[in-house]
Amino acid sequence: MPRYRMADAPIHCGNDNGPLNVSSDGKQFCGGVIMEPNHCTLPTAGTWEASPEASTPPPLPRRFGVEKHRTPIPLCETMAELIAGNYKGEKNNQEWIPKSCSAVPLSPFVWTKNTKCQATISMIGDGHVRNLFTATVNGLRGVESFVEAHEDKEAKARGIAESYFWKLHRDGTASDRFAAHVDTLMANADLFEDCPCDEVQKCLRVAFIWAPTFIDQLKQLHVVTKEKSDIVIVSPGNAAEPTDLLPPYWVAAYEQLLNEYEFLQLGVVHYPFGIQPEGRDASLAAWTNNSLHAGRMSLLNQREMKHVPTNSKNMTKYACGLGRMDVENDNIIASKPCTDLTDTAHIRALITLHLDALVGH
């Protein structure tokens, strides 16, 4: 089982790329990530203390969506409304603010406010979707700076997935756990157990499934249905598919998925950079706008809400990286703060448009 932590050795600020900052109490940081022997870069489990109001999110940095308004602003209803806005705030504590509406906070308490018991989000795609998943998990936990580790090509070829399971207990406390899953193509992967609805108030389950190509994704759709997904977020092709525009068999598979599961909602995210066939953006827009299920679909071009720093030395688009996952010692590859403002904005936008799907089971 991959560890996502450093064992029996310190972690290092990698290859002289980044400054090692020291806080007033003597703690060392690389890109905002604490540098301590045996320090977990992505803890496998954690807890929240009881809040006076279980639906109130814990205090989080501004970029997670706790901007206060004098009068309530309704949630955005379209992606066009969401992308019409700007980043506000200073340095790493920035938040995407739409001009005429609002996005939901990145909080498990808010996301499950109307959930009956269990709600499930499945993300399927390439490394850009993995970035989205990593930003989601750390955002739900209220983590400002974080790194992510990557599996090697051989492990990806055998199938990998990641899962996040959050529970709100009856006494108002909450707990969560993260897990990495390997060799998922060789077995019928079990990413979650069902929520123990007789024991807890609510559960939120979020999964990432590595499937970069059109064929890879169709081979993994059975996992999406097996895990009783309420929202599916998929990134079609990107640079992994440099020639095939948008194959009809891929579109038909997702149309069939929406046909069979009438409460399922679909968020399509497209990373438009790299070598790709001209017109994929237009094809995705035509499909999502004209589908019989268009009311349960959204399309987000990841060119939108892309963070453009005013000072490149103080900001980065993605979280920082670890060279490998299953290791005892590694360098954090960081020359800038390890914050992922863009993917944080993207997941908030997607959940805002599909929040009603999280009524769940």
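Are there helices (runs of 4 or more DSSP H) fully within the range 72-161 with at least 2 residues that are open to solvent by less than 40 Å² (accessible area, probe 1.4 Å) and at pLDDT 90 or above? List them.
On the way: elements: 79-83, 108-111, 127-140, 153-158.
So the answer is 79-83, 108-111, 127-140.
List the number of the failed condition for ILE215; all other conditions in (1) of a type outside the set (S, T, N, Q); (2) open to solvent by 50 Å² or more (accessible area, probe 1.4 Å); (3) at pLDDT below 95 hold.
(3)
Among LEU292, LEU257, which is open to solvent by less than 40 Å² (accessible area, probe 1.4 Å) and in contact (Cβ under 8 Å) with a residue 24 or more places away in the chain? Give the steps one after another, and end with the answer.
Values: LEU292 fails: open to solvent by less than 40 Å² (accessible area, probe 1.4 Å).
Checking each option against the conditions leaves just LEU257.
What residue, among those in the range 182-198 that are open to solvent by less than 30 Å² (accessible area, probe 1.4 Å) and either within 17 Å of ILE121 (Cβ to Cβ) or part of a strand (DSSP E or B) (or both), is modelled with the lowest pLDDT?
Among those that are open to solvent by less than 30 Å² (accessible area, probe 1.4 Å) and either within 17 Å of ILE121 (Cβ to Cβ) or part of a strand (DSSP E or B) (or both), it is ALA189.
Restricting the range 347-361 to residues that are part of a loop (DSSP other than H, G, I, E, B) and open to solvent by 10 Å² or more (accessible area, probe 1.4 Å), which is farthest from ALA294 (Cα to Cα)?
Kept after step one, since they are part of a loop (DSSP other than H, G, I, E, B), are these residues of the range 347-361: 354, 360-361.
Narrowing further to those that are open to solvent by 10 Å² or more (accessible area, probe 1.4 Å): 360-361.
Working: GLY360: 20, HIS361: 23 Å.
Checking each candidate, the answer is HIS361.
If PHE208 passes every condition in (1) under 15 Å from VAL129 (Cβ atoms); (2) modelled with pLDDT under 95 but one, which one does it miss?
Condition not satisfied by PHE208: (2).
Which number in (1) in contact with a Gly (Cβ under 8 Å, 6 or more places away or on another chain); (2) open to solvent by 50 Å² or more (accessible area, probe 1.4 Å); (3) assigned to a strand (DSSP E or B) marks the one condition that GLN201 misses?
All conditions pass for GLN201, except number (1).
Any idea which residue in the range 331-346 is modelled with the lowest pLDDT, counting only those that are part of a loop (DSSP other than H, G, I, E, B) and open to solvent by 20 Å² or more (accessible area, probe 1.4 Å)? Before the answer, list the steps.
If we filter the range 331-346 for residues that are part of a loop (DSSP other than H, G, I, E, B), which is where we start, we get 334-340.
Still in the list and also open to solvent by 20 Å² or more (accessible area, probe 1.4 Å): 335-337.
On the way: SER335: 72, LYS336: 75, PRO337: 80.
The qualifying residue modelled with the lowest pLDDT is SER335.
Return yes or no: is PHE165 part of a strand (DSSP E or B) and either under 27 Å from GLN201 (Cβ atoms) or not polar (S, T, N, Q) (or both)? Spell out the reasoning first.
On the way: part of a strand (DSSP E or B): yes; either under 27 Å from GLN201 (Cβ atoms) or not polar (S, T, N, Q) (or both): yes.
Answer is yes for this residue.
Which residue is most open to solvent (accessible area, probe 1.4 Å), if the candidates are limited to the range 260-289 and must be among the aromatic types (Phe, Trp, Tyr) and more than 24 Å from LYS336 (Cα to Cα)?
Here is the first cut: in the range 260-289, the residues among the aromatic types (Phe, Trp, Tyr) are 261, 263, 271, 273, 287.
Going one step further and asking which of them are more than 24 Å from LYS336 (Cα to Cα), we end up with 261, 263, 287.
Working: TYR261: 96, PHE263: 166, TRP287: 23 Å².
For the range 260-289, the residue satisfying everything is PHE263.
Quick check on VAL224: is it open to solvent by less than 20 Å² (accessible area, probe 1.4 Å), among the aliphatic types (A, V, I, L, M) and in a helix (DSSP H, G or I)? Walk me through how you get there before you give the answer.
Working: open to solvent by less than 20 Å² (accessible area, probe 1.4 Å): yes; among the aliphatic types (A, V, I, L, M): yes; in a helix (DSSP H, G or I): yes.
When the stated conditions are applied, VAL224 passes them.
Of the residues that sit in the range 298-319 and are open to solvent by less than 30 Å² (accessible area, probe 1.4 Å) and modelled with pLDDT under 85, which one is farthest from PRO98 (Cα to Cα)? Before you say what the answer is, go through the steps one by one.
Quick first cut of the range 298-319, residues open to solvent by less than 30 Å² (accessible area, probe 1.4 Å) only: 298, 300, 302, 305, 307, 315, 319.
So of that shortlist, the ones also modelled with pLDDT under 85 come out as 307, 315, 319.
Numbers: HIS307: 14, MET315: 21, ALA319: 23 Å.
Ranking the candidates gives ALA319 first.
For ALA54, which of the numbered conditions (1) at pLDDT 85 or above; (2) open to solvent by 20 Å² or more (accessible area, probe 1.4 Å); (3) touching a Gly at 6+ places or on another chain (Cβ under 6 Å); (4) in a loop (DSSP other than H, G, I, E, B) fails to hold?
It is condition (1) that ALA54 fails.
List every residue pair whose Cβ atoms lie under 9 Å apart, where the two residues are 6 or more positions apart in sequence or sit on different chains, the first residue falls within the range 109-132 and is under 14 Å from LEU350 (Cα atoms), and the second residue, located anywhere, is part of a helix (DSSP H, G or I) and among the basic types (Lys, Arg).
As it stands, the answer is MET123/ARG130, since those pairs meet every condition given.
Within the range 234-253, does at least one residue satisfy the condition of being among the small types (Gly, Ala, Ser), open to solvent by 50 Å² or more (accessible area, probe 1.4 Å), touching a Gly at 6+ places or on another chain (Cβ under 6 Å) and more than 18 Å from SER122 (Cα to Cα)? Don't jump to the end; show me each part of the working.
Taking the range 234-253 first, the residues among the small types (Gly, Ala, Ser) are 235, 237, 239-240, 252-253.
Narrowing further to those that are open to solvent by 50 Å² or more (accessible area, probe 1.4 Å): 239, 252.
Next cut, touching a Gly at 6+ places or on another chain (Cβ under 6 Å) only: 239.
After this cut, where a residue has to be more than 18 Å from SER122 (Cα to Cα) as well, the list is 239.
Looking through the range 234-253, at least one residue is among the small types (Gly, Ala, Ser), open to solvent by 50 Å² or more (accessible area, probe 1.4 Å), touching a Gly at 6+ places or on another chain (Cβ under 6 Å) and more than 18 Å from SER122 (Cα to Cα).
The values are calculated or read from the model by the stated rules, or taken from the named source; none is laboratory data. Because the structure is predicted, anything quoted here is derived from the model rather than measured. Note that each Cβ is placed from the backbone with ideal geometry, even for glycine, and that neighbours are counted across all protein chains shown. Surface accessibility is based on the protein's heavy atoms, side chains included, excluding ligands, DNA and RNA. Shrake-Rupley method; radii C 1.70, N 1.55, O 1.52, S 1.80 Å.
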